[in-house]
Amino acid sequence: MDQLGMGVIGIGFMGSLHARVYSELPNTRLVAIADVNKDRLTETSERLGVPGYVDYNQLLKLSEIDAVSICVFDTLHTPVAVAAAESNKHLLIEKPIAIKIQEAETIIRAAQDHGVKLMVGHLLRFDPQYSQVKKAILSGELGKLVYLCSRRNSPITEGPARYRASDTSLTFHVAVHDLDLIRWYVESEVERVYAESTTKVLKNKGFQDVVLATLKFKNGTIASLEYSWILPEKSATKLDARMEVVGTAGVAYIETFHGGLSICGRRGVLYPDTVNWPEVHGQIVGNLREELMHFVKCIINDRAPLVSGEDGTEAVKLAFAISRSIAEKRPITV
């Protein structure tokens, strides 16, 4: 199999990016897209030159499609993923894999029962900064890990402006990035979680302003997470993301303040994306392209994806533990 037929279900912000990347990759062919928003579907369909379906089941009937990206709201992942697996399509699901542990397990079983590959779109595993730290850990450069600190804060114009509280949450939308990365680095399971949150700015929207959480791993490593999305609209960055990884023999620092580029001009100060999905010479490059190419290569070469359904489920379990700790105001044994 030299070229895969691809479909994308959900053509919102991320889905439209998936569709465009598939249309540009040399070993894929974008066959069709699906979305319930007719205007958005028509615009994207015409721009990319592929048919669009309001009913994703019509897309899944197409024999030319080998695999699909599922980019619908988190609450809709399970029925779409199960239907795709039953149609014998390989699955790439945008993180989080689901919003309930039982639903994540249902997706995994469906993929296993129908013999299709399942990958969860934890994008940062394909970021060179984070993957280089993983390489340093595996080589022993840092020694045995002692503790990790992560920070992921963004302006109020990002998450709270794009989503409703019924569609996602601060922990499931933001923290799952670092929960997956930290677990990937430590290579041990968490035994205890404690978290606190406060809400002053986003109370009327039903979102938390900020969460601080700590994780204790079974191998003795500890980690702390800070994440929020209430930085001012005119903040000095679109993303203040940092991580410190400390071992017995060394330390690694990751800083993704605004991608290293700022442009001050007629529209004020701009911070163009240089990491996740920047456009270079008319094509999307960066982390997302690397992630989708990895998914495609895993199918073509019959390899296991870097981010499995089980990995995605463990991140969801930790997100639930954090949410439960906040609600019950006590440490949670995982």
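The values are calculated or read from the model by the stated rules, or taken from the named source; none is laboratory data. Treat the numbers as computed from the prediction; the structure is a model and nothing was measured. All Cβ positions, even for glycine, are placed from backbone atoms using ideal geometry, and neighbour counts span all protein chains on display.
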Would you mind telling me which numbered condition in (1) part of a loop (DSSP other than H, G, I, E, B); (2) touching a Gly at 6+ places or on another chain (Cβ under 7 Å); (3) over 20 Å from L118 (Cα atoms); (4) aliphatic (A, V, I, L, M) L41 fails? (1)
Would you mind finding the one in T333, T313 that is over 17 Å from K95 (Cα atoms) and either exposed (fewer than 12 other Cβ atoms within 10 Å of the Cβ) or among the β-branched types (V, I, T) (or both)? T333
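For every residue, the table says whether it meets (1) in a loop (DSSP other than H, G, I, E, B); (2) touching a helix residue (DSSP H, G or I) at 6+ places or on another chain (Cβ under 7 Å); (3) assigned by TED's automatic domain parsing to the domain that holds S139.
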position: V246; (1), (2), (3): no, no, yes
position: A252; (1), (2), (3): no, yes, yes
position: E255; (1), (2), (3): no, no, yes
position: L261; (1), (2), (3): yes, no, yes
position: D273; (1), (2), (3): yes, no, yes
position: W277; (1), (2), (3): yes, yes, yes
If only one of I299, I322 is closer than 18 Å to E24 by Cβ, among the β-branched types (V, I, T) and part of a helix (DSSP H, G or I), which one is it? I299
Of the listed residues (V120, V146, V133), the one being assigned to a strand (DSSP E or B) and buried (at least 22 other Cβ atoms within 10 Å of the Cβ) is V120
Examine the range 216-223 for a residue that is without any contact (Cβ under 8 Å) to a residue 24 or more places away in the chain, under 24 Å from M14 (Cα atoms), surrounded by fewer than 19 Cβ atoms within 10 Å (Cβ to Cβ) and not hydrophobic (A, V, I, L, M, F, W, C), and state whether such a residue exists. no
Please specify each residue of the range 181-195 satisfying the condition of being surrounded by 22 or more Cβ atoms within 10 Å (Cβ to Cβ) and part of a strand (DSSP E or B). V190, V193, A195
Please indicate, with yes or no, whether at least one residue in the range 237-245 is over 21 Å from D127 (Cα atoms) and either in contact with a Lys or Arg (Cβ under 8 Å, 6 or more places away or on another chain) or among the charged types (D, E, K, R) (or both). no
